[in-house]
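Read the structure below first, then the notes.
The values are calculated or read from the model by the stated rules, or taken from the named source; none is laboratory data. Quick caveat, the model's predicted, so the values are computed rather than measured. Cβ placement follows ideal geometry from the backbone for every residue including glycine, while neighbour counts extend to all protein chains displayed.
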Amino acid sequence: MSEANTQRSAKSFTAKLPGINRIKAVKDLLLAKLDTLLSSLSNVDIKLNALLENDSPLLQGVIALVKVTQKVQAQTNQLQAQTNQIQAQTNQIQAQTNQIQEQTNHILELLKSIQPKVVVESDADPETRLMAYLYSYLPSRCAIDIGANIGEVSNKLLEAGYEVYAFEPFPDTFNRLKQRFSGNSLFHGYPIAIGAVDETRELYVAQDQSSTHIYKDSTLYNSLTKHTMPDDLVFVDSVPVQVRSLASLHDASELPTDIGLVKIDTEGFDLEVLRGMGNYHYPVVMTEFWDPHIPFGRSAAYNRLEDLVDEMKRKGYHWYLTIYRVWGSEGISFYCNHPRTVEHSWGNVLFFKNYETFSHALKWCSTILATTYFN
């Protein structure tokens, strides 16, 4: 094969190879040609001159490709150096981030150690836990539990340190209450109801007629007023009970005058209890309320929030907290000093005679419960 044909074949072959592979092929071809030329020519100078004369374009191409390769390699090295520098900076930032996180965790642990620890026994009854909390801020450790039933609230108040005066008018339930705390000198039980005046009144007895007994102890729903009820919880009987007013009990010295807290839960008769306070006042008074849209509160209920607030404002109670649930929904929230109910809600409202005690209760509620804001 002639030199011209060989050169054309080499160019045709190498043109098909991409990038670096093409350079390698050209190099290998060049070396092969050099070996051929060196073996056929005896004079080295002649061989080199012939090589330069015949393959000058090919050598120039190789030189150009080598230069390009060197330039690419230099750029690659520069990029690698920049990548290494960025990685070093990233590692430095990560180290600083870890240090900041460690400092943050340390601060959080420190804050936990200096904040009061809240022991939550049940999310279902924050009102009782709030009353227990307020024990440390009241001028008297005496408490009244009106509508005590079998004494669940009384028990928590006793555990907090209160001396408890409890009222439960239903005979069978009162016997259970009295037996539960027999021998406890800080508990005083009264088998009477509390209302606006001294009288004898019918106590309506409730019965759970649901298929699954969802109301559990139906005696919790006994009431001095025949208000509306859910379809599967009905009043089936009534018994006459003695009713006394708080003012009457104080006047007769049957109750001490230094009461720190009053809890009222009479299933729809709470407003009448407030009216029977007369001129006696207590640092904290808690009553139950029902929105008129829930089954219990549609009619004949004396515990509308607006009426309770009006009555207590006339008695000089200007600060109050409302803790509520929405009928059929989970979750407990609170708001303060707003005389309207959230629709379909029920719960308890705590009235305060002085702002300092109110502020302690507000702090507790803000820590434990979700806050409701009104437009």
Inset, instruction - Could you run through segment 228-262 and say how many residues are surrounded by 13 or more Cβ atoms within 10 Å (Cβ to Cβ), in contact with a strand residue (DSSP E or B) (Cβ under 8 Å, 6 or more places away or on another chain) and over 20 Å from residue 285 (Cβ atoms)? - result: 9
Inset, instruction - Kindly indicate whether any position in segment 317-326 is under 20 Å from residue 136 (Cβ atoms), in contact (Cβ under 8 Å) with a residue 40 or more places away in the chain and in a loop (DSSP other than H, G, I, E, B). - result: no
Legend entry - Close pairs from segment 156-171: first under 12 Å from residue 184 (Cα atoms), partner among the acidic types (Asp, Glu), Cβ under 6 Å, at least 6 apart: 164/145
Inset, instruction - Just give me the residues in segment 209-228 being within 13 Å of residue 265 (Cβ to Cβ) and outside any helix (DSSP H, G or I), in sequence order. - result: 222, 223, 224
Legend entry - Lone qualifier among 288, 311, 254, 306 - being assigned by TED's automatic domain parsing to the domain that holds residue 344 and over 26 Å from residue 135 (Cβ atoms): 306
Inset, instruction - Can you give me the number of residues within segment 267-309 that are more than 15 Å from residue 223 (Cα to Cα) and not in a loop (DSSP other than H, G, I, E, B)? - result: 10
Inset, instruction - Would you point out which residue out of 369, 305, 350 is among the aliphatic types (A, V, I, L, M) and within 26 Å of residue 142 (Cβ to Cβ)? - result: 350
Inset, instruction - Output the number of residues of segment 325-371 satisfying the condition of being at pLDDT below 95 and buried (at least 20 other Cβ atoms within 10 Å of the Cβ). - result: 0
Inset, instruction - Among the residues of segment 188-201, write down those that are surrounded by fewer than 16 Cβ atoms within 10 Å (Cβ to Cβ) and part of a strand (DSSP E or B). - result: 199, 200
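In contact with a Ser or Thr (Cβ under 6 Å, 6 or more places away or on another chain) and more than 26 Å from residue 274 (Cβ to Cβ), is that true of residue 208?
Details: in contact with a Ser or Thr (Cβ under 6 Å, 6 or more places away or on another chain): yes; more than 26 Å from residue 274 (Cβ to Cβ): yes.
Against the criterion (in contact with a Ser or Thr (Cβ under 6 Å, 6 or more places away or on another chain) and more than 26 Å from residue 274 (Cβ to Cβ)), residue 208 qualifies.
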Legend entry - Flag if residue 365 is farther than 25 Å from residue 229 by Cα and free of Cβ contacts under 8 Å to residues at least 60 places away in the same chain: no
